[in-house]
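> Dumping the structure here so I can ask a few things about it.
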Amino acid sequence: MHVAGAVNFRGVQLGRTISFSNDKFGYEKLLRWVHDLRQTHNLMQVIFGAESTGHYFLNLAFWLHERNEQIVLVNPMTTKRNKENRDNKPSKNDAKDAIIIADAISRGYYSEWVIRETIYRRLRYLVSEREAWVTDLSAIGNQLQTALDQSFPEFTFVFKEWNGPRGIATLQAFPLPSDLKDLTPENVIDGWRKAGMQRAGGSRGSQQAVMLLAAARRSVGLTDIAPEIKRQIGRLLQRYKQMLSQIETVEHEIHELLSQVPPSARQPLTEIGLSPLFVAVVLANAGDLSRYTHGRQLLALAGLSLAESTSGKRRGQIILSKRGRRQLRKYLYLAVIGLVANHPAFRRWHDHNVKTLKMKKQRSIFKLIGKLARILVALARSGETFVESKANALPPQAA
């Protein structure tokens, strides 16, 4: 169910709020209600607004857009902070929220709803699906680590990471210290091969087999619940492999879809050195970068714009707003980390910030995120190739 309320351009409520179902009959009820209000109050124009909370408004918004209606979005924080303005009460309900949203629109506290091309919406869906699978995969890894900490805490002394090829083969063949009792290094290597590990032997394999057997002999793992832990490890490993397969499938779909994006939209990101996944995430969240006029808009979309509280002589701490798309914010940060490690220009800029300007490394990273955003938007708008000298390069003596 949806709830709608209406105010005029002065913020005065018109009529009563209505509720309507999230289907065609409900949408038609909404339009009849709006038509009656326009007739009753002699109004010429209507703006439909919704709170930008997830996906809940999308079906209605597209339905109204097909009928040439204007749709705008109100930030949920605006609704939250203005809930006491009209009645001086902290109460909250759907009918009150509808009027608060309408009131915010009458005062101009809204943003235009931008409909991105289908290709970018499909990319957004796929990259979000991948993120969900990666989050679930991390949860499985944490559960496996918990099981190992109880049953075989010495496991990580032998294998730095449990999810490496040899670590997974060991969990499949010998998940408990008792499974290694009376075995020889050759038996362990043979078990790894049966678990599907390639290149199980060799000098490294023999060395780690000896270390594994020694760790099993001195293990302090719990034995009274060992059968239950062993079954859990088996189930978690099975789910882990299934999730890896799902992620691989989704990534393949992302690459296929990314190849259908116009080259002019992909070129600024690929040219700067971003991987296909990073390109897909940026385009999925921001769309075609050529429609932006400045990199600050991309930063604001990601919640990376700066916020400061000052009054008189007091100067507050400057912080990130974090009012934007968390996924885009995460991948812009990771992108700059990678560029500082691998891109000559970004490495020089980072070294200059840290060594010459005496910035902390983290501050330099965020400063370079701003530079990356400006570079990407400039390249998308101009269609030019990246030239370091045009990107506010360092003077020769500083470089």
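> Need the failing condition index for Lys96 against (1) touching a residue at least 24 places away in the same chain (Cβ under 8 Å); (2) basic (Lys, Arg); (3) open to solvent by less than 40 Å² (accessible area, probe 1.4 Å), just the number.
If we test Lys96 against (1) touching a residue at least 24 places away in the same chain (Cβ under 8 Å); (2) basic (Lys, Arg); (3) open to solvent by less than 40 Å² (accessible area, probe 1.4 Å), just (1) comes out false.
> Continuing with the same structure: So is Asp103 over 30 Å from Pro175 (Cβ atoms), loosely packed, with under 14 Cβ neighbours inside 10 Å and more than 28 Å from the chain's Cα centre (by Cα) or not?
Judged against the criteria, Asp103 is not a match.
> Pairs under 6 Å by beta carbon, first residue within 21 Å of Glu66 (Cα to Cα) in the stretch 33-54, partner assigned to a loop (DSSP other than H, G, I, E, B) and hydroxyl-bearing (Ser, Thr, Tyr), six or more apart or different chains?
Gly49/Tyr110
> From the residues in the stretch 52-71 that are closer than 16 Å to Arg116 by Cβ and aliphatic (A, V, I, L, M), which one is surrounded by the fewest Cβ atoms within 10 Å (Cβ to Cβ)?
Out of the qualifying residues, it is Leu58.
> For the stretch 1-104, please list each of the helices (runs of 4 or more DSSP H) lying entirely inside it that holds at least 2 residues being at pLDDT 90 or above and aliphatic (A, V, I, L, M).
Fully inside the stretch 1-104 and qualifying: 24-41, 58-65.
> Here is a follow-up. Do we find a residue being closer than 30 Å to Lys367 by Cα and open to solvent by 10 Å² or more (accessible area, probe 1.4 Å) anywhere in the stretch 278-285?
Within the stretch 278-285, one or more residues are closer than 30 Å to Lys367 by Cα and open to solvent by 10 Å² or more (accessible area, probe 1.4 Å).
> Then there is this: Can you tell which of Ala215, Ala169 is on the phi < 0 side of the Ramachandran plot, without any contact (Cβ under 8 Å) to a residue 60 or more places away in the chain, among the small types (Gly, Ala, Ser) and crowded, with 19+ Cβ neighbours inside 10 Å?
Ala169
> All but one of (1) more than 18 Å from Val282 (Cβ to Cβ); (2) modelled with pLDDT under 95; (3) over 16 Å from the mean Cα position of the chain (by Cα) hold for Ser305; state the number of the condition that does not hold.
Ser305 satisfies every listed condition except (1).
> Open to solvent by 50 Å² or more (accessible area, probe 1.4 Å) and among the polar types (S, T, N, Q): which single residue out of Thr40, Thr79 fits that description? Steps first, answer last, please.
Details: Thr79 fails: open to solvent by 50 Å² or more (accessible area, probe 1.4 Å).
Just one listed residue meets the conditions, Thr40.
Here is a yes/no grid of residues against (1) touching a Leu at 6+ places or on another chain (Cβ under 7 Å); (2) farther than 19 Å from Val72 by Cα:
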residue: His2; (1), (2): yes, no
residue: Arg16; (1), (2): no, yes
residue: Asp23; (1), (2): no, yes
residue: Leu37; (1), (2): yes, yes
residue: His41; (1), (2): yes, yes
residue: Phe48; (1), (2): yes, no
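> Within the stretch 110-123, is there a residue that is open to solvent by 70 Å² or more (accessible area, probe 1.4 Å), over 23 Å from the mean Cα position of the chain (by Cα) and of a type in the set (S, T, N, Q)?
no
The values are calculated or read from the model by the stated rules, or taken from the named source; none is laboratory data. Quantities reported herein were computed from a predicted structural model and do not represent experimental measurements. Backbone-built Cβ (ideal geometry, glycine too); neighbour counts: all protein chains shown. Side chains included, ligands, DNA and RNA excluded: accessible areas come from the protein's heavy atoms. Shrake-Rupley method; radii C 1.70, N 1.55, O 1.52, S 1.80 Å.
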